[in-house]
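The structure under discussion appears below in the form of structure tokens.
The values are calculated or read from the model by the stated rules, or taken from the named source; none is laboratory data. Here the structure is a predicted model, which means the values were calculated and not measured. Note: ideal-geometry Cβ built from the backbone for every residue, glycine included; neighbour counts use all protein chains shown. These accessible areas exclude ligands, DNA and RNA; they are computed on the full protein's heavy atoms, side chains included. Shrake-Rupley method; radii C 1.70, N 1.55, O 1.52, S 1.80 Å.
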Amino acid sequence: MKVLITDGNERAALAVTRALGREKVEVIVGAESQRSLAGSSRYCRQTIIYPSPYREPERFIATLMEAVRNHRVDALIPLSDIAMHVLGPEKDQFERYTHFPAPSARAFQEISDKYRLMQQAVAQGVAIPDTIFVPDGRVEGIVQRIVDFPVVVKPGCSLVKDDNCWTKTSVCYAESPDELLRLYRDKSYLRQPSLIQRRVIGEGQGLFVLMQEGTPLGMFAHRRVRERPPSGGVSVLRESIALPKSMVEATLKLLQPVKWHGVAMVEFKVDGATQRPLLIEINGRFWGSLQLAIDAGVNFPLHLLGMAIGACATIPENAYRVGVKSRWLLGDLDHLLMRMRKSDRALNLPPDAPSRFETLMSFCRFFERNTFYEVERIDDLGPSRFEVMRYLKLA
């Protein structure tokens, strides 16, 4: 088997490369640069360079189409939101030459658009944070309705298209009515549908799923122990947990109606006051903490490939070990440096956040039982060397 993956500098790409390469699958890693994180792995058989999907989406598509045909690739796996946005509408064209185990462009858009997703969640009875829907960026009459600050301001879409180019949006906090008004005045993408949500204080948890046309084939759950930035973002230390029934039910309510096909990560925040999981978002592609699931016993990339070629089987609920941790060391170092350099207020930390001393002591636990390092592997040192060089701006 031969597989082409995109986004070689994503940690998920490294996890896919290792997971498939160890199973004797030939992995071709695509990236915008000659060298990449996943391309540095001994399990990468070949690399290709492609134009930026943000700035040159049409050339990006053409380059991958040429690679699929020339290398006779058995499956193409997009690894990022931008790759899914650009390649998804071309799924039928790619499937003339290879397998493309991904949802339809319409299903991906419905799930990725937070504005539409949250409306669908309300309709399906899935709990979400207290939310004000802003359809057109006009918040002057809305500000008076907000009693508690800070609030979280979320663009409906994480990517927006303008003149055939794509740009990223970002989630922001507003500490006061004036700051909220300023955000909507300064951020042009907030003139499109957006959300103003109550900030939820509690633990982040996520459900990883693999589905075939709406039928669940496997699930995996984890909790976030530490994140970068510390107030909430990319997880840098996470732990596998048993499947929470309420999260499973919510996930199926949202993904089955669109006949989801492929992988997804459904993110929740467990409200510390009520212990109720609240939907935050759904990422309709492989997730940053993919390596945790693999280390705990579920090889999602291999199962996705099996589904693509018609050789899939349902993953048993007890297929993975609970209590396994995965640590992204350099991300965790960033978390520590942020805590040491900035105040709790500047970092938007909740009242119950660990102290600086507790954060330092926790960081220094390098050899905890059942903890795996995401990038650093004795049998595959290339990616860790590459990441350190990049971190130090030497690569």
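May I ask you to compute the full-extension gain from ILE201 to ARG22, defined as 0.36 nm times their residue separation minus their alpha-carbon distance, rounded to one decimal in nm?
On the way: separation 179, 0.36 × 179 = 64.44 nm, distance 3.98 nm.
60.5 nm is the gain from fully extending ILE201 to ARG22.
Please give me, ordered by residue number, the trypsin sites (Lys or Arg not before Pro) of region 1-67 that lie in loop per DSSP and have at most 12 other Cβ atoms within 10 Å.
Numbers: sites: LYS2, ARG11, ARG18, ARG22, LYS24, ARG35, ARG42, ARG45, ARG55, ARG59; in loops: ARG22, LYS24, ARG35, ARG42, ARG55.
Qualifying residues, ordered by number: LYS24.
Once Rg/Rh (Cα atoms, Kirkwood Rh) is worked out from the coordinates, which option in (1) 1.05; (2) 0.95; (3) 1.63 does it equal?
Correct label, based on the coordinates given: (2).
Contour minus end-to-end for THR314 and CYS165, with contour as 0.36 nm per residue of separation and end-to-end as the Cα-Cα distance? Working shown, then result.
Details: separation 149, 0.36 × 149 = 53.64 nm, distance 3.94 nm.
In short, 49.7 nm is gained.
Too long at a 28 Å Cα-Cα cut-off: which of LYS91/LYS245; LYS2/LYS325; LYS269/LYS325; LYS161/LYS342; LYS2/LYS269; LYS91/LYS187?
The answer is LYS91/LYS245; LYS2/LYS325; LYS161/LYS342; LYS2/LYS269; LYS91/LYS187.
How much solvent-accessible surface does GLU368 expose, in Å² to the nearest 10, with a 1.4 Å probe and all protein chains in place?
Using a 1.4 Å probe on the heavy atoms, I get roughly 70 Å².
What figure, in Å² to the nearest 10, do you get for the accessible area of ASP92 with a 1.4 Å probe and non-protein molecules left out?
Spelled out: ASP92, probe radius 1.4 Å, area about 120 Å².
If each DSSP helix of 4+ residues adds -39,500 (n - 2.57) and the sum is divided by the residues in the chain, what number results at 222 nm, nearest 500 deg cm²/dmol? Present the calculation step by step, with values, prior to reporting the outcome.
Details: 13 runs with 123 residues, N = 395.
Here the helix-only value at 222 nm equals -9000 deg cm²/dmol.
At each listed q (0.10, 0.12, 0.14, 0.15 Å⁻¹), what is the log10 of I(q)/I(0) that the Debye formula gives for region 59-179 modelled as equal alpha-carbon point scatterers?
The Cα Debye sum returns log10 ratios of -0.46, -0.61, -0.75, -0.82.
Using the Kyte-Doolittle scale, which helices in the chain average at least 0.0 and also have C-alpha atoms spread 24 Å or more along the helix axis, with helices defined as whole DSSP H runs?
Working: long enough: none.
Helices passing the filter in the chain: none found.
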